[in-house]
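Worksheet for the structure shown next.
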Amino acid sequence: MRHKQQQAVESINQGRRDLLKYAAQTAAVAGLAGSGALTGLSHAQIRKQPSHAPMALGLLIKPFPDPEARIKLVHDLGFSTCFLSLDNYIGKFTPQMAKQFSELLDKYQVTATTAEVVNPQPLKWNFIEGPATIGLVPRAYRQARMDALKQTSDFAKMLGIGRVQTHCGFIPEDPKDALYEETVVAIRQLTEHCAGNGQSFLMETGQETPTTMLRMIKDVNNPALGVGLDTANLILYGKANPVDALKVLGPYVQGMHAKDGKWPTDPAKLGEEVLIGKGDVDFTAVFKQLHALNYKGAVTIERETSGPQQVADVKAEKIYLERILNEVNHA
């Protein structure tokens, strides 16, 4: 027991050290932003991204540490869009990095649709520790994550990316819960910051019920707030079937992760993410609803594996989704 207590204390202390380190990085980047290096750009310096076809297939990528290799992979796999997961760059965004990314996106003819961060750590993707560590709900990590998202928004503006996304966390279902009211304020501030950069701020589905997310949208009351639909997360967290979730959130969906999964059977662990077509997501029904809603965003594949297996899986998933999209679009 004593050993476990010591481990818990060390984990907390490490989290505090990480946050202090992150705060120092944030201060440095804030200095750039305050001097106009990040946000005081001329129109000529802000990249104008090409548009993409409605429901164009794309791929979620983590560009660190080799952005060219990752963006080239998107092109080589036959995708026209990508979703940038930028956690490894928090505190390191610069105009020079924006120029590098812009040139690579142009070189490989890829449109970056959305930028996302969920860090800083700790993040425990489970039912036991998740409510106290994920997103904007936990007080201990809220301000650091808001700072990270504002940095990401400013960086995305330089690339002409119109959406910033994150997991907001286990938003309380009770609207009178103090954490709910505080989270409304936090999301409102982030939405206003993104709107000031000409962007939408998207809440990624997962830890909250669709009804709770809709309540948040209504309470924030800003047209720049939208939804990033993750088809698997709704199932993995046991919150909703994505087909039913679209009945609640459909008009607010601006982006989506095509991902498959199975319902949780262990009350301590999330459900299992699996290869698209092997889980419980009915992609035909999801795409039919999105088509009926006149959805204009991309369909971004997210496969939570790595290396050669991820590439092989993504190739198979692309073929699977292309067949369904072709059927839906020509029905």
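No lab work stands behind these numbers, since they all come straight from the coordinates. Remember, it's a predicted structure, so these values are computed and weren't measured experimentally. Here the Cβ is made from the backbone with ideal geometry for all residues, glycine too, and neighbour counts use every protein chain on show.
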Cross-link reach list, aspartates and glutamates versus LYS278, counting only Cα pairs under 18 Å and skipping chain neighbours closer than eight places: ASP230, ASP260, GLU302, GLU304, ASP313, GLU317, GLU322
Straight-distance crosslink candidates among aspartates and glutamates, where the alpha carbon sits under 16 Å from LYS99 and sequence neighbours closer than 8 are dropped: ASP66, GLU68, ASP154
Listed residues ILE128, ILE235, ILE187, most fluctuating in the chain (Gaussian network, C-alpha, under 10 Å): ILE128
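Filter the trypsin sites (Lys or Arg not before Pro) in the range 260-321 down to the DSSP loop ones having no more than 16 other Cβ atoms within 10 Å, then list what survives. Present the calculation step by step, with values, prior to reporting the outcome.
Working: sites: LYS262, LYS269, LYS278, LYS288, LYS296, ARG303, LYS315, LYS318; in loops: LYS262, LYS269, LYS278, LYS296, ARG303.
Answer in residue order: LYS269, LYS278, LYS296.
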Estimated 222 nm signal from helices in the chain, with DSSP H stretches of n ≥ 4 weighted -39500 (n - 2.57), rounded to 500: -15000 deg cm²/dmol
The chain: most fluctuating residue of ASP244, ASP174, ASP313 per GNM, C-alpha cutoff 10 Å: ASP174
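List the GluC sites (Glu not before Pro) within the range 273-315 that DSSP assigns to loop and that have no more than 15 neighbouring Cβ atoms inside 10 Å. Let's see the in-between values first.
On the way: sites: GLU273, GLU302, GLU304; in loops: GLU302, GLU304.
Answer by residue number: GLU304.
Over all directions, what mean area does the Cα convex hull of the range 168-212 project, stated in square nanometres? List each step's numbers first, then the result.
On the way: hull surface 12.3 nm².
Result: a mean projected hull area of 3.1 nm².
Once the other residues with Cβ under 13 Å from the Cβ of LEU275 are scored (Lys, Arg +1; Asp, Glu -1), what is the net sum?
Details: positive: LYS259, LYS262, LYS278, ARG303, LYS315, LYS318; negative: ASP260, GLU272, GLU273, ASP280, GLU302, GLU304, ASP313, GLU317.
Surrounding charge for LEU275 is -2.
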In nm, spacing of pseudo-spin labels at LYS107 and ALA140 (7 Å Cα→C-beta vector): 4.2 nm
Sites THR211 and ALA53 - FRET efficiency at Förster radius 35 Å, r taken between beta-carbons, to 0.05: 0.65
Max mean-square fluctuation residue, GNM over the chain, Cα-Cα springs under 10 Å, options ALA195, ALA240, ALA69: ALA69
Where trypsin sites (Lys or Arg not before Pro) fall in DSSP loop in the range 80-111, at most 15 other Cβ within 10 Å: LYS92
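Please pull out the direction-averaged projected area of the range 110-159, using the convex hull of its alpha-carbon atoms, in nm² to one decimal place.
If I average the Cα hull's projected area over directions, I get 4.1 nm².
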Distant alpha-carbon pairs in the range 219-304 (separation over 15 angstrom), percent: 57 percent
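So what's Rg/Rh here for the chain, counting alpha carbon atoms and using the Kirkwood radius for Rh? Show your work: numbers first, answer last.
Details: Rg = 19.3 Å, Rh = 20.3 Å.
Radius of gyration relative to Kirkwood radius: 0.95.
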